[in-house]
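The values are calculated or read from the model by the stated rules, or taken from the named source; none is laboratory data. Computed from a prediction, not measured in an experiment: that's the story for all the values here. Cβ sites come from the backbone with ideal geometry, for glycine too, and all protein chains shown count toward neighbours. For the accessible areas, the whole protein counts, side chains as well, though only heavy atoms, and no ligand, DNA or RNA atoms are used. Shrake-Rupley method; radii C 1.70, N 1.55, O 1.52, S 1.80 Å.
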Amino acid sequence: MKKKLMALALLLTGFGNIRADEGMWMLNNIDPRTEGIMKKLGLQLTAQELYNPDGTSLKDAVVNFGDFCSGVVVSPDGLVFTNHHCGYGSIQALSTPEDDILKNGFVARTRAEERPAEGLFVAFLDRTEEVTGRVYAALDSIYAAHPEAAKKYGKNWKDKLYEEHVYDVCQKITEEYEQAYPKMRAEVLPYYHGNAFFVSLYHVFNDVRLVFAPSESLGKFGGDTDNWMWPRQTADFSVFRIYADSLNQPADYNPSNRPYQPKRYAKVSMDGYKLGDYCMTIGYPGSTDRYLSSFGIQERVDIENAARIQVRGAKQDVWKKWMDSDRTIDLKYSAKFAQSSNYWKNSIGMNKAIKDLKVIEEKQELEKQVKKWANEEAGRKARFGKVFTNLKKAYKERREAYNALSFLQESFFGGIELTRIASTAKRLISATGEKQRQQLTARLEKTYKDYDARVDKETMAVLLANYARELKGKHLPAFYTTIKNEFGGDYKAYAEDLFNRSMLDDGTPQQSMAPDSARTADDAAMTWMSDISATATGLMKEIEKANTLIESNEKLLCQAILEMEQEKPHYSDANFSMRLSYGFVADYTNEGVHQTYFTHSQSLLDKIEKGKDNPDYLMEPATTALLRKADWGPYADKTTGEMQLCFLTNNDITGGNSGSPMFNGKGELIGLAFDGNWDAMSSDISFTQSLTRCIGVDIRFVLYLMDRWGGAHHLIEELGIR
């Protein structure tokens, strides 16, 4: 074990010829050689000025925004910039048909007008520490305490015990850290496919209030048409403020709370950028699979992405029809639709890019090298020799059941909302603790607020038929027999009947959900959900053995790559922990088409002209008139004289990086990352040096809209802009 941990430590810091623009790097592992490369590109800060757990550093200005995005503190009074699509759910929740701030935008003229965003929080990273040794020492003790596991599970018994116990081991370490640091939240996460573990400690602030939001036509300009595309003209930003108690400590919402005084906030730069300028992002990338085997990538294409594309396409057609017919429904479903369609389109683009860029073939070539390297030495062959045989076998064994499970999850748990309502209601009925009951009740209330039974009923009918058709009549929950025998295969009639017999579809049953509420427990939707859960359980049991083999051998493959290429830099896959990526402002060319590295105001006006044919390009006349006036003032680029809107860098980002600050070499804010580009949608699996780009909104465009469109002069002054 000690040898393994020492080898891993060398791998984490062994940097050779580094590709400057690829990688999501842990800030606590930046060594002098890495720092030297960053400085050659234009960084003017030291590693300690980026990350200093015992002092103040740039990481203290960056926040985890709600556990789904990133953000940056930009003023001494806790003002936070993030993306519009990150704030979208909170803006939608604060909107009503009578006060439609999602559509019209919002400006708080005073602190008293700032609106509490219920359920939203931000977290500041305090420090990250390695705990790999502690995790594996605990696992070794578990292996020693369970000699019978070898007989029970066979030759893969340690893999099975690892799978069963690693979460509890990490949870115990988490609890120990939270006892040692009672005012912080701790989180232990695996890195490098479980070959390493780190704990991160956070200060969490639950009182976050909306300060500014552009109109939906600005913040979501281009809609689904432009999502993941370049060129972009989207004003993808929103502004919030963090509040704390009288001692400047985290606190739940209270009218007496005051604006948080941060350890560090980012200075906003008005200097802009030019081609080749240094740029870095610091944020919370969610999930990547750069070490995934070719077998896993093929499964992602054929099953996970295929199911997501097919089912969400059918669901979104129903939702869109209802949303277009009624603004009240549109408000209820806007955030849910945006979330669903974002990764629906992402999956389409990923499958296309994997094929076009020959990602699987590229991974297969790497695997040939790994196999050759492993076979060259007896010890390596013993450890890694069967990796590819095992992976091929396991992925093949689980293919049919995993496909069914993917369609089941997308259709019933991710598609039909009544399933989630019934699941939460069931937990509420059986809850014994008052705190748990309050949490589940609040979750139901939040769900019902943005729920329309008519929409869900039609969605159910469509997805029931779709599931049966796509699965060719196999792996069907028990209620499909009822649909056939009692409803003659009429899915619409079945859905109508189920909704008529359930009291969970109208938001009224919460008062009757006491632990002894037999009526609620026997609700038609509960029985229906139980059939779905039984089918899911059966499918998971069917793929359990293959899952264990896949997880253990993907972990071994990652370890083999790290050892084989130990002279090269290797960052861990993203896992929503703080990461830094660095590179520079960059354009690109694909299929003979050159893409300039920034967009300007005229390109926005040109698209607005297409609004009569494409509603994604519609803009309010007053906003269009403001843009046509072309009075950019101090926000114009000093070189071009243009109002620059969005720009490209080769920073390595993924979902979760949305809202990440884009810093220049001095650590000053020049933009907010909000998207990747369609030409390289396979970037979660493979970074393509010449094509993968990060799209950001220019901070000067943000300030221009805050000032000239929103009239928020007080916020401009708060930022210290003159």
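Key figures
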| item | result |
| --- | --- |
| Loop-located trypsin sites (Lys or Arg not before Pro) in the range 621-704 whose Cβ has at most 15 other Cβ within 10 Å (DSSP) | 638, 666 |
| Residues with amide H under 5 Å from that of residue 115, placed H, sequence gap 5 or more | 210 |
| With DNA, RNA and ligands ignored, accessible area of residue 474 (1.4 Å probe; Å², nearest 10) | 100 |
| Computed label-point distance, nm, for sites residue 496 and residue 482 using a 7 Å Cα→Cβ extension | 1.7 |
| Proportion of all alpha-carbon pairs of the chain beyond 51 Å (%) | 12 |
| Where labels lie 7 Å past Cα in the beta-carbon direction, separation of residue 181 and residue 56 in nm | 2.0 |
| Restricting the range 173-229 to trypsin sites (Lys or Arg not before Pro) in coil, as DSSP defines it, with at most 13 other Cβ within 10 Å | 183 |
| Contact order normalised by residue count of the range 566-701, Cα under 8 Å, 6+ apart, percent | 25 |
| Mean ellipticity per residue at 222 nm, deg cm²/dmol - from DSSP H runs of n ≥ 4 across the chain, formula -39500 (n - 2.57) | -14500 deg cm²/dmol |
| Cα gyration tensor shape for the range 584-722, rounded if a/c is under 1.5, else prolate or oblate | oblate |
| Sparsely packed trypsin sites (Lys or Arg not before Pro) within the range 358-408, loop by DSSP, other Cβ within 10 Å at most 16 | 358, 386 |
| Prolate/oblate/rounded label for the range 224-269 (Cα gyration tensor, a/c 1.5) | prolate |
| Förster-model FRET efficiency, 30 Å R0, residue 113 and residue 722, C-beta, rounded to 0.05 | 0.75 |
| Orphan Cys of the chain, criterion: no other Cys C-beta under 4.7 Å | 170, 279, 558, 646, 694 |
| Rg to Rh quotient for the range 673-722, alpha carbon positions, Kirkwood Rh | 1.26 |
| Probe 1.4 Å, all protein chains present, accessible-area order of 90, 430, 57, largest first | 430, 90, 57 |
| J(HN,Hα) series, the range 271-288, from Karplus relation 6.51 cos²θ - 1.76 cosθ + 1.60, nearest Hz, glycine and proline x | 7, x, 7, 9, 3, x, 5, 4, 8, 9, 10, 10, x, 10, x, x, 7, 10 |
| Residue-wise HN-Hα coupling along the range 476-483, computed from phi with Karplus coefficients 6.51, -1.76, 1.60 (Hz; x: Gly, Pro) | 8, x, 4, 5, 5, 5, 5, 4 |
| Mean-position separation - Cα centroids, the range 293-360 and the range 597-652, in angstrom | 28 |
| Stretch gain in nm, segment residue 275-residue 568, where the contour uses 0.36 nm per residue and the Cα spacing is subtracted | 102.7 nm |
| Residue-by-residue Karplus 3J(HN,Hα) for the range 25-39, coefficients 6.51, -1.76, 1.60, Hz, glycine and proline x | 9, 6, 5, 7, 10, 7, 9, x, 5, 5, 4, x, 5, 4, 5 |
| Relative contact order for the chain, counting Cα pairs under 8 Å that sit 6 or more residues apart, in percent | 24 |
| Chain lengthening between residue 587 and residue 606 when straightened (0.36 nm per residue, less Cα-Cα) | 4.7 nm |
| Separation of the residue 164 and residue 256 label points, Cα + 7 Å toward Cβ, nm | 5.3 |
| 15 Å reach of a label modelled at residue 380, 7 Å along Cα-to-Cβ, counting backbone N of the range 551-572 | 557-568 |
| Portion, in percent, of the accessible area of the range 624-722 that falls on carbon or sulfur, probe 1.4 Å | 49 |
| Whole-number accessible area per residue in Å² for the chain, which is evaluated in the context of all protein chains at 1.4 Å | 42 |
